[in-house]
Amino acid sequence: MTGHSEEEATSQSVKEGREKRVSFPPDEQMVSDFVERRTELQEADSLTLTDIILAYKQSCEKHHVKPNSKALDQLKNVVKGFRECLTINTLKLNSEQLDYCSCESLEEILKSVQFDFISLQGAELEENGASSLLDMFLYYESATHLDVSSNSGMGFSGWLSLSHLLRQSGCLWRLDACNMPMVDYAAQALSKALLTSRLTVLHLENTCLSGKPLFTVVGALKRNIALQELYLSENNLNGYQDSMQLGDLLKYNSTLKTLDLSNNTVSDSGLEEICDALSSQKTGLRALILSNNHITHLGMSHLQNVLPRLKTLETLNLGKNNLENRGIHTLKESLMINRSLLQLGLASTGITCEGAVTLAEILAESPQIQRLDVRQNQVLAGGLMALSLALKINRSLIRLDLDQHLKEEKEDFLVATQKTLLSRISDLCAANATAAKGTALRPASPDPADCAETTYPLPTQTAD
């Protein structure tokens, strides 16, 4: 039996085994169903919040389940202004243990209200419930951002419905499917969807993606023309076959703008594959996150060769790799030549004052870099002095992330000097930021906190 016929047979058996309220009609019914759907929307528009809550409670009674208190609380919080707009910001049902009947009862909410973000993270969705709920999301165009992370029990039918949702939805632009293993059927379903999906952001952190699953997904992404941000942190991606696949992705995909590979084992050999791919791009990445990847100073030779040729890369995060001063020195000339980089992350990379002096020389020559992160490095008064002097020349840097706690020095007066220099650096960055307002200087993108790193690679919190 072929994979296609197996998929059809499994889908048919699920439909025959239970009453399914959401279904997808054959082509000849599309016109009549469009009219029916328009009528449903008009009816939903005339409902009050009280009507929707009552209908939901009646549905729960019919399915012999208790109304979900989280869902009710979130609906009740949007009474004001509800009649003007049937869209609510979020529906969070995290860790709510949604069985099949609980999922079915939610249809009375989904048919009347649309959400910007629906989170089902850790909801313990089982196969039939997941399939039913995801079919509803498609039928009612329920969300623009969907999180199904930590639901390892979705099964074949659940992933099949998710694939259908991704292929057919006209409003879903972001999917989070993290913290669950990407088994073969899941990878196949996802890759099939990615061939035509409108998704622009995809999070697949901690999904055991290494090996065959990555090969399957990358095969589809090489032909994808919509995805712009891909997050693959914590997948144990290695520096050999996995990195070769990632290199192929960058060679053949021209729309991807952000690639997060943090917390993997790409290493120096994998970095070589990625840099070779970057060198062949004409329109390429804007953000590359390689933090905590067992990369050393030896790998910087690969970056050294490609950085001068990159015209679009704006953010590069190399934090938590043992680059040492030698690695920074290797990058020095290429960073001076590059004219696209706006943000450079070098937190916890084994830099001392020697490396800080090299960075100061780079800053003195750079007309565009706006943010530099060198926290969690042993930068003492000498390094801080070099950085402060560079900022008297540099006019683009508006943020320099440094450890704010004072570090031990051989001489006590140098500890006090650290405090003075930290304050001076902060003032010089603030002056650059003020001067940049109203000019052509392009602002660096804002970043979320360390614990909620999602869209941009460099955190905003300052280390104590």
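The values are calculated or read from the model by the stated rules, or taken from the named source; none is laboratory data. What you are looking at is a predicted structure, and each value in this text was computed from that prediction instead of being measured. Using ideal geometry, Cβ is built from the backbone for each residue, glycine included, and neighbour counts are taken over all protein chains shown. Heavy atoms of the whole protein, side chains included, go into the accessibility calculation; ligands, DNA and RNA do not. Shrake-Rupley method; radii C 1.70, N 1.55, O 1.52, S 1.80 Å.
The figures follow:
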{"quantity": "Approximate spin-label separation THR196-TYR240, in nm, with each point projected 7 Å along Cα-to-Cβ", "calculated": "3.8 nm"}
{"quantity": "Whether the stretch 243-367 is rounded, prolate or oblate, judged on the alpha carbon gyration tensor where a/c under 1.5 counts as rounded", "calculated": "oblate"}
{"quantity": "Förster radius 51 Å - calculated FRET efficiency between ILE337 and SER95 (Cβ-Cβ, nearest 0.05)", "calculated": "0.50"}
{"quantity": "Residues ARG167 and CYS208, FRET efficiency given R0 of 25 Å [Cβ-Cβ distance, rounded to 0.05]", "calculated": "0.60"}
{"quantity": "Solvent-accessible heavy-atom area per residue, rounded to whole Å², over the stretch 354-438 at 1.4 Å", "calculated": "48 Å²"}
{"quantity": "Sequence-separation-based contact order of the stretch 170-283, relative, with Cα cut under 8 Å and 6+ spacing, percent", "calculated": "24 percent"}
{"quantity": "P(r), alpha carbons of the stretch 354-438 - 10 Å bins starting at zero, rounded %", "calculated": "19, 53, 23, 4, 0"}
{"quantity": "Summed residue charge, Cβ within 11 Å of GLY153's Cβ, Lys/Arg positive, Asp/Glu negative", "calculated": "-4"}
{"quantity": "Simple label model, 7 Å out from Cα along Cβ direction - THR296 to ASP184, nm", "calculated": "3.8 nm"}
{"quantity": "Relative contact order, percent, the stretch 290-427 [alpha-carbon distance under 8 Å, six or more residues apart]", "calculated": "20 percent"}
{"quantity": "The stretch 354-438, relative contact order in percent, only Cα pairs under 8 angstrom and at least six apart counted", "calculated": "33 percent"}
{"quantity": "Reach of LYS212 by Cα under 18 Å, taken over lysines that are not fewer than 8 positions away in the same chain", "calculated": "LYS192, LYS222"}
{"quantity": "Accessible surface of the stretch 354-438, 1.4 Å probe, proportion on carbon and sulfur as whole %", "calculated": "55 percent"}
{"quantity": "Of LYS311/LYS407; LYS257/LYS407; LYS320/LYS419; LYS70/LYS111; LYS57/LYS92, pairs whose Cα-Cα distance is over 29 Å", "calculated": "LYS311/LYS407; LYS257/LYS407"}
{"quantity": "Amide H contacts under 5 Å for SER340, placed H, 5+ residues apart", "calculated": "none"}
{"quantity": "Cα-Cα separations in the stretch 68-226 greater than 22 Å, expressed as whole percent", "calculated": "37 percent"}
{"quantity": "HIS63 paired with GLN404, simple spin-label distance in nm, labels 7 Å along Cα-to-beta-carbon", "calculated": "4.8 nm"}
